[in-house]
Amino acid sequence: MRRRRAAAWRMATVAATIVAASPAAGFDLPEPVSGWRAEVGTRAFFSGGRYQKSLYGRYLNSRLTYGGTRAVTGEVFGRLDMPGGVFVKGYAGFGSHTGGTLIDEDFPPGFTPYSRTVGEMRNGRIDYASLDVGGTVWQSGANRLGLFVGVHRFFEKYHAYGCRQTATSSMCVPTTPLSHLDMSQTARWTVLRVGAVADLAITDRLKVTLDAAFLPYAHLDAFDNHWNRPEINPTAEVGHGIGTQLEASLAYRLTDHLSLGAGGRFWYYQTAKAKARFGPPDPPERVWSERWGLFVQVSYRTAF
């Protein structure tokens, strides 16, 4: 019995020595000789959003709200880390939205009595892309912090069908059927991003990534279609403002190379310095655009 216990103890000691001598299966890949690493992946992004604009700004004359714009987009993303801590990252997405409601309001004294009409949204789309260049300023194992600058493009297009009056105005009386295209909105945002990205290893297989960007310059290039108002169809809208973009994700490492993850994001763009090109004088506009939602992703990483 004593001999068996002694043999078992020796085997346990040898096994513990081997495990201690083996490298830990951390979230980070072994350091490549060249210093180059890459991660690529794909996402499905499920989002909601709102696009709103007010004519004459705070002296409110008319307001259009494209709300409840539920969208589904497919997305590709990637990050390339180079020697010296320099990195390039980005993503691109393409998709369509599945619904929403347009609320069109006109206010006294410019329009009397107050009017509020409702339309049904469908057949729209959203496309977007970002590209950032930055550098890692701190790293400890799989934990790291980087700063970056970049550009982002966001395209959104909405169509509203039908027109139903919900106030006391005579506009859209009788009700326009839902088969009739009443209004459309197209907007392109081109923005400058300045921000930080952090990777935090929770365990050897679980990682949190946080990405936050301030948008010090957001340029809006848009046009409005009032399909039943040929005298103002189309109306160009241009302006610039600011915004912010926030993103957080949680990834689980299945193998040294393959990970599954999920996360959420919030985008906000606004300009109080837009102009509606009706012809001189061009009235001022305030424009907001928001998008928020959740995504799931799969990614592959390698060192070379």
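The values are calculated or read from the model by the stated rules, or taken from the named source; none is laboratory data. Bear in mind the structure is a predicted one, so any value in this text is a computation, not a measurement. Methodologically, a virtual Cβ is constructed for each residue, glycine included, from the backbone with ideal geometry; neighbour enumeration extends over all protein chains shown. Please note that ligands, DNA and RNA were not included when accessible areas were found on the heavy atoms of the full protein model with its side chains. Shrake-Rupley method; radii C 1.70, N 1.55, O 1.52, S 1.80 Å.
Treating the beta-carbon of each Lys and Arg as +1 and of each Asp and Glu as -1, no other charges, what is the dipole magnitude of the chain about its Cα centre, to the nearest 20 debye? Walk me through the numbers before you get to the answer.
Numbers: 34 positive and 25 negative charges, 286 e Å.
Result for the chain is approximately 1380 debye, rounded to the nearest 20.
For the chain, build the charge dipole from Cβ charges (+1 Lys, Arg; -1 Asp, Glu) around the Cα centre, then report which of 69, 119, 195 sits farthest towards its positive end. After comparing all options, I get 195.
Of the accessible area of the chain, computed with a 1.4 Å probe over protein heavy atoms only, carbon and sulfur atoms account for 65 percent.
Along the Cα-to-Cβ line of residue 149, 7 Å from the Cα, sits a label point; which residues in the range 126-140 have backbone N less than 18 Å from it? Residues passing the 18 Å test: 130-137. Centre-to-centre separation between the Cα atoms of the range 33-52 and those of the range 195-256: 11 Å. Summed over the residues of the chain and divided among them, the accessible surface reaches 51 Å² per residue at a probe radius of 1.4 Å.
Keeping every protein chain in place, order 215, 294 by accessible area at 1.4 Å, biggest value first, i.e. largest first. Before the final figure, lay out the partial values.
Details: 215 0, 294 120 Å².
Solvent-accessible surface, decreasing: 294, 215.
In terms of overall dimensions, the chain has a Cα radius of gyration and Dmax of 26.5, 102 angstrom.
Quote the relative contact order of the range 170-213 in percent (integer), defining contacts as alpha-carbon pairs under 8 Å separated by 6+ residues. The partial results should precede the final answer.
Working: 25 pairs, mean separation 12.4, N = 44.
So the answer I get is 28 percent.
Once you've got the Cα coordinates, tell me which of 157/207; 53/207; 157/275 are over 29 Å apart.
Details: 157/207 35 Å; 53/207 39 Å; 157/275 19 Å.
Listed pairs above 29 Å: 157/207; 53/207.
Counting only protein heavy atoms and using a 1.4 Å probe, the accessible area of residue 125 comes to about 100 Å². Kindly express, to the nearest 10 degrees and within the range 0 to 90, the angle between helix 2-21's C-alpha long axis and the longest C-alpha principal axis of the chain. With both axes taken from Cα atoms, the answer is about 50 degrees. Placing pseudo-labels 7 Å out from each Cα toward the beta carbon at residue 300 and residue 120 gives an inter-label distance of 4.3 nm.
Given +1 at the Cβ of Lys and Arg, -1 at the Cβ of Asp and Glu and no other charges, the dipole of the range 241-304 around its Cα centre is 120 debye to the nearest 20. By definition, a body whose alpha carbon gyration tensor gives a ≥ b ≥ c is oblate when a/c is 1.5 or more and a/b is not larger than b/c, and the range 69-115 fits this oblate description.
Relative contact order of the range 71-145: 33 percent, from C-alpha pairs under 8 Å at least 6 residues apart in sequence. Excluding residue 168 itself, what net charge comes from residues whose Cβ is under 13 Å from its Cβ, given Lys and Arg +1 and Asp and Glu -1? Taking every other residue near residue 168 into account, the sum is -1. In percent, rounded to a whole number, the relative contact order of the chain is 18, using alpha-carbon pairs under 8 Å and six or more apart.
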